[in-house]
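The values are calculated or read from the model by the stated rules, or taken from the named source; none is laboratory data. In this text the structure is predicted, and so the values were computed from the model without any measurement. FYI the Cβ positions are ideal-geometry reconstructions off the backbone, even for glycines, and counts take in every protein chain you see. With ligands, DNA and RNA removed, areas are computed over all heavy atoms of the protein, side chains included. Shrake-Rupley method; radii C 1.70, N 1.55, O 1.52, S 1.80 Å.
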Amino acid sequence: MKRREAREKALQALFQIELNEMSLDQAIKNIMEDEQDDYMEKLVEGVMANKAEIDAIIEPNLDNWRMDRLSKVDLSLLRVSVYEIKYLDDVPNRVSLNESIEIAKIYSDEKSSKFINGVLANIAPEDK
């Protein structure tokens with residue numbers, strides 16, 4: 001599985017966890033069916049293990065928005081991206097940011113992709 005697909009599946013799993021209060025294992029199982037992908041699981045597990053810290057990074061960068069006003073899709077996508085930016089050294093920030101924008105265009109709308117771009121641009125240092 002390519003990393004783009006792993007990111008999309010991580011978004012879907014995190015959305016299920018957020019919306020249905022599903023367990024991490026059950027959400028991964030629902031999304032992956034009989035497949036397995038280490039990167040996808042790493043993203044979901046990493047986001048969930050560091051959710052409070054990730055949210056603390058996102059919140060001050062929302063510019064006149066509150067966390068509880070974000071769509072669950074946008075919030076989950078921001079969490080995946082911030083996890084990659086802050087915790088994974090092998091993913092350039094530019095790649096994570098661009099992937100998030102493209103995935104937002106698929107699962108959200110154009111306004112969301114621009115919003116996500118603005119939030120992540122404030123969070124992601126350009127040098128990584």
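Mind checking the angle between helix 72-87 and the chain's longest principal axis? C-alpha axes, 0 to 90 degrees, to the nearest 10.
That helix lies at roughly 80 degrees to the long axis.
When the helices in the chain are scored as -39500 (n - 2.57) per DSSP H run of 4 or longer and the sum is shared across all residues, what 222 nm value do you end up with, to the nearest 500 deg cm²/dmol?
-23000 deg cm²/dmol
With every protein chain left in place and a probe of 1.4 Å, what is the accessible surface of residue 39, to the nearest 10 Å²?
The accessible area comes out at roughly 20 Å².
Probe 1.4 Å, all protein chains in place: accessible area of residue 109 in Å², nearest 10?
80
In Å², what does the accessible area per residue of the chain work out to with a 1.4 Å probe?
I get 55 Å² per residue for this part.
Strictly over 23 Å apart at the Cα level, which of 29/111; 86/111; 9/105; 42/72; 9/72; 9/51 would you flag in this model?
29/111; 86/111
Keeping the other protein chains in place, figure out the carbon and sulfur percent of the accessible area of the chain, with a 1.4 Å probe.
Carbon and sulfur: 43 percent of the exposed surface of the chain.
Quick one: check the C-alpha center-to-center distance for region 81-101 versus region 1-75, whole angstrom.
14
For region 3-123, give the magnitude of the charge dipole about the Cα centre (Cβ charges: +1 Lys/Arg, -1 Asp/Glu; no others), in debye to the nearest 20. Before the final figure, lay out the partial values.
Details: 16 positive and 25 negative charges, 102 e Å.
The calculation lands at about 480 debye.
Would you please state the base-10 log of I(q)/I(0) at q = 0.10, 0.19, 0.20, 0.22 1/Å for region 3-123, with intensities from the Debye formula using one equal scatterer on every alpha carbon?
After summing over all Cα pairs, the log10 values are -0.26, -0.99, -1.10, -1.36.
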